[in-house]
Amino acid sequence: CPVLHKYVRPRDKVLVVGCGNSELSEQMYDMGMCEDIVNIDISDTVIRQMQERSGSKRPKMSYLLMDMLQMDFPDTHFQVVLDKGTLDAILTDEEEATLAKVDKMFAEISRVLQVGGRYLCISLAQAHVLKKAVEYFSQEGWVVRVHQVASSGDKQQFVLPVFVYVMTKFRKIPGSTQQILEICPEEQDKPMRVESAEQLVAAVKDRQHYALLCSQLSKAPCGEQVSLDLCDKECGRPRYTLHVVDSPSVKPSRDNRFAIFIIPQGRETEWLFGTEEGRRQLAASAGFGRLVTVALHREQHYEGMAGIQTELSGKVMELAPPGLPARQQVPFLSVGGDIGVRTVRHCDTSPLSGEYVVEDVKGDGTCYFRRLIFLRNRNVVQSEARLLSPVTLPGQKKRRKDKKKPSPAEPPTTIDKSYLCCEHHKAMVAGLCLLGGPDPLPGTLLAVLVVGLGGGCRPLFIHDYFSQAQVAVVEIDPSMLEVATCWFGFCQGDRMQVHISDGLDYVTKLATEAQWVMCWAQYDAIMFDVDSKDLTVGMSCPPPAFVEKTFLQKVKTILKPEGVFVLNLVCRDARLKESVLATLKEVFPLLYTRRIEGEINEILFCQPSPEGRRDPTELAAGARVLEGDLRQPGRPWDSSYVLADMLQAVKIL
C-alpha cells in the first residue's frame with residue numbers, strides 16, 4: 001500500500017494485466033486510492049467470476065477478457081499499468097520463445113502507457129526476471145527503480161521479500177546511453193543510485209539472502225558463526241560488520257537470550273574479537289545464548305554508543321533467536337562502555353600494496369597504538385607500534401588549564417621504539433639466542449638481513465638494542481619506506497641501510513656474488529617477514545616463491561654456517577604447510593618451530609648445519625646472554641616490559 005500510494009494518483013487511469021482473482025484491485029478501489037481501473041485476463045472463467053464479485057459495488061471498475069500480448073486499447077491510454085506476479089508467471093525460463101513472449105508483453109505495455117506513466121510490477125525478483133525487465137526498459141530510456149516492500153505478517157509462513165519494479169516512461173533520446181537505475185530498501189525512502197543492471201540485481205540478491213538468513217536464525221540456533229555487512233545508506237560502503245554467535249552451553253532464561261556487543265574501534269583485529277574461537281569465548285563469558293558482535297569501520301563516523309544503539313536497534317532485532325519474548329529489551333555491551341578511539345593519520349595508495357592507512361587506536365586501558373593496515377586485508381595489522389605521551393622536560397612549565405573549558409587528554413604521538421607489539425616479532429628477535437658457540441652474542445659484529453620492512457619496528461629494535469648489529473633491510477615497496485620514516489620513527493644510518501628491491505632478486509644477487517668471489521657467507525641472521533599480495537593462495541606469508549627449494553638454497557649460501565634463518569609462516573592450508581616444512585628440512589637440517597598462541601603465525605628457525613644443534617643448557621645460556629645484552633646500562637629505554645614476553649618465547653623455543 002505505501003509503495004502504490006507513491007505512484008498511483010486518484011485520477012489515474014489504471015490497467016491491471018493478468019488480474020486473475022486477486023483482491024488487489026478491489027482493495028485499491030475500496031480505500032479510495034483509485035477507481036478508474038481496468039482489469040484484463042485471458043481466462044473467461046476468471047473474468048466472469050470477478051465481474052460477479054464486484055458487480056454494482058464498484059461501478060467504475062471493469063473486467064475484460066483480453067490477451068495482454070495483443071491488447072485492443074489505443075496508444076497512450078493509461079497512466080499506470082499494474083502487474084502483480086504476471087511477469088513472474090510468464091518468465092519461468094530463458095528459452096527463446098519465452099523471451100520473445102516477454103518482449104511482446106513489454107512492447108504492448110509501453111504502447112498503452114503515456115509518457116510519464118508508470119509500469120508497476122510486483123515480483124519476487126528472481127535474478128533472470130529482474131535482469132530482463134531492467135535491461136529492456138533502461139535501454140528504452142525509462143527510469144528504473146526497485147522498491148523492497150516492508151515485510152509484515154508471519155515471517156515463518158512467507159520468507160522471501162517482495163519487490164516492486166517501478167518503470168517510468170520517458171521519450172527515448174537518440175544516441176543517449178545514460179541509464180537511471182535505483183533501489184529503495186524498505187527501511188528508507190531515499191533511493192540509492194546504482195551504475196548497472198548487474199549491480200541492481202546484486203543489490204536485490206543481497207536483500208533476498210538476508211531475508212533467508214533472518215528466517216533461519218529465527219527458527220533455530222546457528223551451528224556456524226554467521227557474518228554480514230550493513231552498509232552506509234549514502235555511499236554504500238560497509239558501516240558495520242556483524243557476527244552472530246550462539247552458545248549452546250548457556251542455559252536460556254528470560255534475561256540472557258540475546259545481547260549486542262560493540263567492539264571498540266581499532267580492536268577488531270584482536271584475537272577475542274577477530275577470530276571465531278575468540279568470539280565463541282566472548283559469547284560464553286558474557287553468558288548470553290546469542291551474542292551479535294558489531295565491528296565499526298574506519299571510513300565511517302559514529303555518534304557514540306547511544307547513536308549506534310539507535311541506529312542498530314531495529315536491524316539487530318531481525319537477528320533475534322527463537323523464543324525471544326515480544327518487546328524484550330536487548331542489552332548493548334562493550335568494553336568500558338564506550339566505542340573506543342580511532343584516528344586515521346594517513347591514507348594513500350601504493351602501486352604494489354594497494355590502499356593502506358596509518359591509524360592511531362586506543363588499546364586496552366590507557367595505551368595508544370599506531371598501526372599500518374593494508375585495506376585489501378583490513379583485519380590484519382601489518383605493523384604496530386606503541387605510542388608514548390609527551391614528557392615535560394626539566395625547566396619546562398606545563399600549560400595552565402582553563403578550568404571553565406576542560407579538554408580531553410590529547411592522545412600520544414611519540415613512537416615507543418623499545419616496545420615490540422607483535423608477538424611474532426618478539427619470537428623472531430628471541431631466535432637470535434640460537435646463534436652458535438658457547439657465547440652466542442659476543443661483542444663482535446652481528447650482520448642481520450631483514451626482508452620486509454613494514455613499519456620498520458623489528459629492524460629498528462634490533463638496531464637500537466644490539467649495539468654491534470649491522471642491519472640491512474630489503475623492501476620492494478618504496479611507499480613503505482616513506483611510511484616507516486614519516487609515521488613509525490624509522491631512520492637509516494651507518495648500521496641501518498634499506499635497499500629498495502625485490503627480496504628474491506636481492507638474495508639471488510648476493511648468492512651469485514658469493515659463488516663467483518668464493519667468499520665466506522656474510523650474515524649471522526636472515527629474517528623473512530613478507531606478505532603475499534595473492535590472497536587466493538592458502539599462505540599469506542611469505543609468497544610461495546620465497547620457500548621454493550632453489551631459492552632457499554640461495555638463502556643458505558649467504559648465511560654463516562652457525563647462523564640462523566628466521567621465517568614468519570602464515571599458512572591456513574595444512575597440505576601446503578606440510579610441503580613448505582618438508583622443503584625447509586631438505587635445505588636446513590636443523591629446524592625449530594615456535595607457534596604463536598591465538599594466531600596462525602608460526603616462526604620457523606632454520607640452521608644450515610646439524611652441528612649447530614644446541615642442548616637446553618646452551619639455549620638457556622643464550623637466553624641469559626640475550627637478556628644481559630638487552631639490559632645493559634645506558635640503553636635509551638627500559639626494556640623490562642618486553643623482556644618477559646621475549647624470554648618466555650626463548651624458553652618455549
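The values are calculated or read from the model by the stated rules, or taken from the named source; none is laboratory data. Quick caveat: nothing in here was measured; it's all calculated off a predicted structure. Cβ sites come from the backbone with ideal geometry, for glycine too, and all protein chains shown count toward neighbours. We work out accessible area using only protein heavy atoms, side chains counted, and drop any ligands, DNA or RNA first. Shrake-Rupley method; radii C 1.70, N 1.55, O 1.52, S 1.80 Å.
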Candidate set: segment 485-513, residues that are in contact (Cβ under 8 Å) with a residue 40 or more places away in the chain and within 20 Å of residue 371 (Cβ to Cβ); chosen: the one least open to solvent (accessible area, probe 1.4 Å):
488
Checking the structure you have, find out if any residue of segment 76-85 is in the same structural domain as residue 103 (by the TED database) and over 52 Å from the mean Cα position of the chain (by Cα).
no
List, please: which pairs have Cβ atoms under 6 Å, are six or more places apart or on different chains, and start with a residue in segment 343-355 that is in contact (Cβ under 8 Å) with a residue 12 or more places away in the chain and end with one that is of a type in the set (A, V, I, L, M)?
344/357; 345/358; 346/358; 355/375
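Considering only residues of segment 575-613 that are part of a helix (DSSP H, G or I) and small (Gly, Ala, Ser), which is modelled with the lowest pLDDT?
612
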Output the number of residues of segment 1-43 satisfying the condition of being without any contact (Cβ under 8 Å) to a residue 60 or more places away in the chain and of a type in the set (Ser, Thr, Tyr).
3
All positions within segment 504-560 that are small (Gly, Ala, Ser) and in contact with a helix residue (DSSP H, G or I) (Cβ under 7 Å, 6 or more places away or on another chain)
511, 514, 521, 525, 538, 545
Here the residues within segment 288-314 that are small (Gly, Ala, Ser), on the phi < 0 side of the Ramachandran plot and in contact (Cβ under 8 Å) with a residue 24 or more places away in the chain are 289, 295, 314
Being open to solvent by 50 Å² or more (accessible area, probe 1.4 Å), farther than 20 Å from residue 312 by Cα, without any contact (Cβ under 8 Å) to a residue 40 or more places away in the chain and not in a loop (DSSP other than H, G, I, E, B) narrows it down to one of 249, 227, 285, so name that one.
285
Taking the residues in segment 49-87 that are modelled with pLDDT of 95 or more and part of a helix (DSSP H, G or I) as candidates, determine which candidate is least open to solvent (accessible area, probe 1.4 Å).
87
Kindly list, by first and then second residue, each pair from a residue in segment 570-583 that is more than 18 Å from residue 594 (Cβ to Cβ) and touching a residue at least 60 places away in the same chain (Cβ under 8 Å) to a residue that is open to solvent by 50 Å² or more (accessible area, probe 1.4 Å) and part of a loop (DSSP other than H, G, I, E, B), limited to pairs with Cβ atoms under 7 Å and residues at least 6 apart or on different chains.
none
I want to confirm something. Restricting to segment 24-48 and keeping residues that are open to solvent by 30 Å² or more (accessible area, probe 1.4 Å) and within 21 Å of residue 79 (Cα to Cα), which single residue is nearest to the chain's Cα centre (by Cα)?
24
Could you give me the residue pairs with C-beta distances under 8 Å whose first residue belongs to segment 590-603 and is without any contact (Cβ under 8 Å) to a residue 40 or more places away in the chain, whose second residue is β-branched (Val, Ile, Thr) and part of a loop (DSSP other than H, G, I, E, B) wherever it lies, and which are 6+ apart or on separate chains?
602/596
I'm checking my understanding of the structure. Among residues of segment 549-562 that are touching a Pro at 6+ places or on another chain (Cβ under 7 Å) and not aliphatic (A, V, I, L, M), which one is nearest to residue 585 (Cα to Cα)?
556
Condition met for residue 72 (more than 22 Å from residue 112 (Cβ to Cβ) and not hydroxyl-bearing (Ser, Thr, Tyr)):
no
Residue 535 being surrounded by 15 or more Cβ atoms within 10 Å (Cβ to Cβ) and either modelled with pLDDT under 95 or not acidic (Asp, Glu) (or both):
no
Pick out the one residue from 471, 448 that is part of a strand (DSSP E or B), under 17 Å from residue 424 (Cβ atoms) and touching a strand residue (DSSP E or B) at 6+ places or on another chain (Cβ under 9 Å).
448
Against the definition (in a loop (DSSP other than H, G, I, E, B), at pLDDT 85 or above and either more than 18 Å from the chain's Cα centre (by Cα) or in the same structural domain as residue 329 (by the TED database) (or both)), how does residue 302 come out, yes or no?
yes
